[in-house]
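Quick one: the structure is below, questions incoming.
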Amino acid sequence: MKLPRFNEAGYAHFVTSKTYKSRKVFDNKECCEILVEDLNFYAKKLNFEILGYCVMPEHLHLIVQWDAEKHPKLTISKIMQAIKNHSAKEIAFYLKTGRRKPSLSPYSKDASEGSRLPANYKWLDRGLVHTNSLVKIWQASFYDFNIYSERILNQKYTYIYYNPVRAGLCEKPEDWPWTSIK
């Protein structure tokens, strides 16, 4: 069953998106950098504000908001599609080659989009190997929740910033490098 998406003016969205089969794609520093760069690029390009984020080894937490009156066609689905499609392509290329390809930069007008790896690549351990099957980086869908009060917003901030602490990845939220906490 597909969950409904709500795009009411003025609400912030709390989003969680998981990697395909919970693979620990973001154990890799460069993969985290790619994702954070894409978050910032698409926030500017699509005119939304990132209120907070936390990149975990196998998922992303994101809190975003936009002016729905100025940008009535923007939806949480469009935001997530842009971020996930481009980051998947660039991460796949990086894992295959060990380098970033300038034409895959979101800043490139030639950047193509796609959430699947090209045929002939497959995960093996945390790397990519040649095969004849398609492999996904992200799960197809995502979870989103409308934040309708200051109390809920603070609750979501606390949740995402303490996520690495609860997972045993760091002792304090500010020690985790892949978060917007300052």
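The values are calculated or read from the model by the stated rules, or taken from the named source; none is laboratory data. Computed from a predicted model, the values in this text were never measured in an experiment. Because the Cβ atoms are built from the backbone with ideal geometry, glycine has one as well, and the counts that use them run over all protein chains shown.
Is it fair to say N146 is modelled with pLDDT of 90 or more and part of a strand (DSSP E or B)?
yes
Which one of these does I91 not meet: (1) modelled with pLDDT under 95; (2) in contact with a helix residue (DSSP H, G or I) (Cβ under 7 Å, 6 or more places away or on another chain); (3) within 20 Å of I147 (Cα to Cα); (4) not aromatic (F, W, Y)?
(3)
(1) at pLDDT 95 or above; (2) out of contact with any helix residue (DSSP H, G or I) (no Cβ under 7 Å at 6 or more places or on another chain); (3) small (G, A, S): which one isn't true of S17, the others all being true?
Unmet for S17, out of (1) at pLDDT 95 or above; (2) out of contact with any helix residue (DSSP H, G or I) (no Cβ under 7 Å at 6 or more places or on another chain); (3) small (G, A, S): (2).
Scan the stretch 42-60 and tell me whether some residue there is within 22 Å of K136 (Cα to Cα), over 10 Å from the mean Cα position of the chain (by Cα) and assigned to a helix (DSSP H, G or I).
So far as the stretch 42-60 goes, yes, one or more of its residues are within 22 Å of K136 (Cα to Cα), over 10 Å from the mean Cα position of the chain (by Cα) and assigned to a helix (DSSP H, G or I).
Specify the residue that is farthest from the chain's Cα centre (by Cα); the eligible residues are those in the stretch 17-29 that are under 17 Å from S180 (Cα atoms) and in a helix (DSSP H, G or I).
K29
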